[in-house]
Amino acid sequence: MPGHPGYWWLAYEVSNYRIACKHCNSGGARYNGVREGRAKGSQFPLIGGTRARTSVDDLNREQPLLLDPAHRSDPDLLGFDSGGYARRSNTPYSPAETNRGLCRADETIRILALNDSHLVPLRARLIREVTVLARHGDLTDIQQLVDDKVGPEAPYSAVAVMALALHRAVAQPAAAPATTPAAAPTTDPARSRVDLHDLLQHLDPDALKAGIILTGRHEKKVHQAVLKHEGHIEVWDRPWGTPTTAARAATGSNKINGWDFWHLTIAGVEQTLAEFRSRHFPAIAPS
């Protein structure tokens, strides 16, 4: 990485090794055959802390941006939807994420090209297969097929595990209706530093359903995205959970702040997402 000699002192440290496929490490993302990302390569971005530059520096002071499958809590931050897309799981953002306005899962998906146009259909097909098999799981032979797909050594086993868990949850008898009124949805200022979830209530529902056009300019090129009613932003027909990762996916730059980059027009007035957010959450000043 620029300005860094590399972690040469860890070259023979077994605990520093990770198994990485060629696609994620050097293949890069493709959309309908067009290259759109460079994959991880030599990138070791931090979301906080202090970079270790020599063998005497404390590695524990680094706060990596990318999720680490060997880190105890990191795998729980990543999930998959029924369409086969990798998504951030429904967990609170960490202090480092809210401080930087970044989502570690979203950035990992982007940099490692986890929603490449080749991978998503494979996951979607596996989800359909597991769902169909699970409906007949009481048969011994069928159960063995399911077990083979969710085993830790099976390809895309995390997706298969998710599909099986979702099927079982849906198959459970419906719970009795609540006897007390549901609590009104609450806003989370920390969450609003990272994603658009709490701002959706201030946008026209019909416009959101149709998709609100966002525009941004980078290096004399205008980029477009679509803000959807679920709160994600579509770039290259892919869902991104946060403005910043969507902007970086669109431009290929790792330094863009999506809140300042994306513009939307409301009642004829063009404004950045940061300006729109500050109107409804004054405590969060424009970046």
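Scaling the Cα radius of gyration of the range 8-111 by the globular reference 2.2 N^0.38 Å produces a ratio of 1.17.
For the range 232-287, trypsin sites (Lys or Arg not before Pro) meeting the loop criterion (DSSP other than H, G, I, E, B) and having at most 16 other Cβ atoms within 10 Å: 255.
The mean sequence separation of alpha-carbon pairs under 8 Å and at least six residues apart, normalised by the residue count of the chain, gives a relative contact order of 12 percent.
Working from Cα pairs under 8 Å separated by at least six residues, relative contact order for the range 119-171 is 35 percent. Helical runs (DSSP H, four residues minimum) scored at -39500 (n - 2.57) apiece and divided by the length of the chain put the mean residue ellipticity at 222 nm at -8000 deg cm²/dmol. Using a Gaussian network model of the chain whose springs link C-alpha atoms within less than 10 Å, name the residue from 55, 94, 253 with the highest mean-square fluctuation. In this elastic network of the chain, the residue with the biggest mean-square fluctuation among 55, 94, 253 is 55.
Largest first, the extents of the alpha carbon coordinates of the range 119-171 on the three principal axes equal 30, 24, 14 Å. Only one item in (1) 6, 24, 31, 25, 12, 3, 0; (2) 6, 27, 36, 25, 6, 0; (3) 7, 30, 37, 21, 6, 1 matches P(r) over Cα pairs in 10 Å bins from 0, in percent derived from the coordinates shown, and that item is (1). Taking only Cα atoms and a 10 Å spring cutoff, compute GNM fluctuations for the chain and point out the largest among 76, 188, 260. Highest fluctuation of the listed residues: 188. Evaluated with a Cβ-only charge set (Lys, Arg +1; Asp, Glu -1), the chain carries a dipole of roughly 680 debye about its Cα centre, given to the nearest 20.
Measuring nothing but how far apart in sequence close Cα pairs (under 8 Å, 6+ apart) lie, relative to its length, the range 113-267 scores a relative contact order of 13 percent.
In a GNM of the chain with a 10 Å cut-off on Cα contacts, which of 154, 247, 190 has the highest mean-square fluctuation? Maximum fluctuation in the GNM of the chain, among the listed residues, is at 154.
Computed from the coordinates by the stated procedures, all read-outs in this text should not be read as laboratory data. Keep in mind that this is a model prediction, so the values were computed, not measured. Glycine also receives a Cβ, built like all others from the backbone with ideal geometry; neighbour counts cover every protein chain displayed.
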